[in-house]
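Computed from the coordinates by the stated procedures, all read-outs in this text should not be read as laboratory data. Keep in mind the model is a prediction, meaning the values are calculated, not measured. Cβ: placed from backbone, ideal geometry, glycine included. Neighbour counts: every protein chain shown.
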Amino acid sequence: MPDLLSNENIMTALGKVKDPEIGRDLVSLGMVKNVEITGPHVALTVELTTPACPLKAKIEDEIVTGLEALGAETVKVDWASNVKRSFGGPAADLIPGVKNTIAVASGKGGVGKTTVAVNLAVSLARDGARVGLLDADITGPNVPLMMGTMGAHVTGAGGRVNPVISHGVTMMSIQYFLTGDAPVIWRGPLIHSAIQQFLRDVDWGELDYLVVDLPPGTGDAALSLSQLIPLSGAVIVTTPQEVSLADARKAIAMFTKVNVRTLGVIENMSGFICPNCGEEHDIFGSGGGEKIARELELDVLGRIPLEPGVRAGSDAGVPITSTQHPDADQSRAGQAMREVARTIAGRISVVAEPYAMAAAG
Ligand SMILES: Nc1ncnc2c1ncn2[C@@H]1O[C@H](COP(=O)(O)OP(=O)(O)O)[C@@H](O)[C@H]1O
Ligand SMILES: [Mg+2]
């Protein structure tokens, strides 16, 4: 049936396949590239809006089904990606090479905010994105420890600062400016200007995603930082306990107040994976994230179990999602983190779509 397999028919068939997240078809989104027809064999490239696309398999299935209906014997789909920018405004000029910024926040400390931020960054990098991680927790900078860079110090010249790179992620933290264990006792305005310099003076280069580990809580520091950093969106980390949920509600309210969109809630320490029997036990309960998400009309972006390997990885400077972690392939928490990262990347693509349309005229 060589006639059926014309370029035109192929494009019509692909015009019926939707990007499940954006909700529009691949052809009108300009995602179909290089269609090659050789007899009954078709090869094409799909340019995704993120290399961490959570729905690749679904898109591929629909393409193959559609083209087989036209008589294709084999369909080869190659993947490419072109991450779009999802924020604007004057503050965005501080970081011209950065396409998206994701704040990781929580109502209180100890819920695993930094752990989530670190693993989100490592997961996105592992999927092929260019990723930065900004440690905006000036008074409790934990990113360097968890990324295995406690000994690192900043270098630079001419007022420019080079970031530190580890596990495929480009990073900056106040820790890289410190010598010894002196605690950081900084007041609001100094924190503010430190963050401004982290944005403006660090050579971030071209980044698809800049993940920001915000200070815990909903006090002045967190509030002013969420105004200072141009954000594509925020994710809120909570644990299932009621006290933690109450704080998460406050964090969400804070973002609403400064017009930052909350992308959803991540429930961390949701169930305990017993290292001996492999079974999941409820310690803090579970489903709290769902409750708050329902109540505030947000989505649960994922549930991450409590797993000893996560803490061990953080302490050793090897995040659970890093290929260097001994449990990298079998950890359920690691798998959950990688899925959460893809879900977030998908949400960001949706946020970016109107900006991309506007830019295209
Ligand atoms: N899912 C998890 N499983 C096991 N330990 C975890 C998990 N999430 C976080 N932790 C551990 O809990 C502690 C607090 O996490 P951290 O990310 O520092 O919290 P926060 O940044 O919210 O204060 C750390 O020791 C960390 O390794
Ligand atoms: Mg922290």
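Tabulated data
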item	result
Amide H contacts of V211 (H built 1.01 Å from N, under 5 Å, at least 5 apart or other chain)	I102, G132, L133, L134
Computed log₁₀ I(q)/I(0) - Debye formula, equal Cα scatterers, no solvent, the chain, q 0.06, 0.10, 0.11, 0.15 Å⁻¹	-0.24, -0.65, -0.77, -1.27
Most fluctuating residue given options V111, V32, V131, as computed from a GNM of the chain linking Cα atoms under 10 Å	V32
Share, in percent, of DSSP beta bridges within region 7-81 that are antiparallel, nearest 5	45 percent
The chain - mean residue ellipticity at 222 nm from DSSP helices (-39,500 (n - 2.57) per run, n ≥ 4, rounded to 500)	-10500 deg cm²/dmol
Mean shadow area of region 259-361, taken as a quarter of the surface of its Cα convex hull (nm²)	8.9 nm²
Sequence-distant residues sharing a close amide H with V161 (under 5 Å, placed H)	V202, D203
The chain: most fluctuating residue of T343, T101, T45 per GNM, C-alpha cutoff 10 Å	T45
Unit Cα scatterers, Debye sum, region 95-232: log10 I(q)/I(0) for q = 0.11, 0.13, 0.21 Å⁻¹	-0.34, -0.49, -1.44
Taking the convex hull of Cα positions in region 208-263, its mean projected area over all directions (nm²)	3.9 nm²
GNM top mover of V164, V258, V46 - the chain, alpha-carbon springs below 10 Å	V258
Percentage of interatomic Cα-Cα distances in region 190-236 larger than 17 Å	35 percent
Links that overshoot a 26 Å alpha carbon limit, given the list K99/K257; K58/K291; K33/K84; K56/K291; K16/K56	K58/K291; K56/K291
Whole-number D in µm² s⁻¹ for region 7-81, Kirkwood Cα-pair radius fed into Stokes-Einstein, 10 °C, 1.306 mPa s	130 µm²/s
Over region 209-319, volume per residue of the alpha carbon convex hull, in Å³	117 Å³
Those trypsin sites (Lys or Arg not before Pro) in region 118-217 that DSSP places in a loop and that have at most 16 other beta carbons within 10 Å	R187
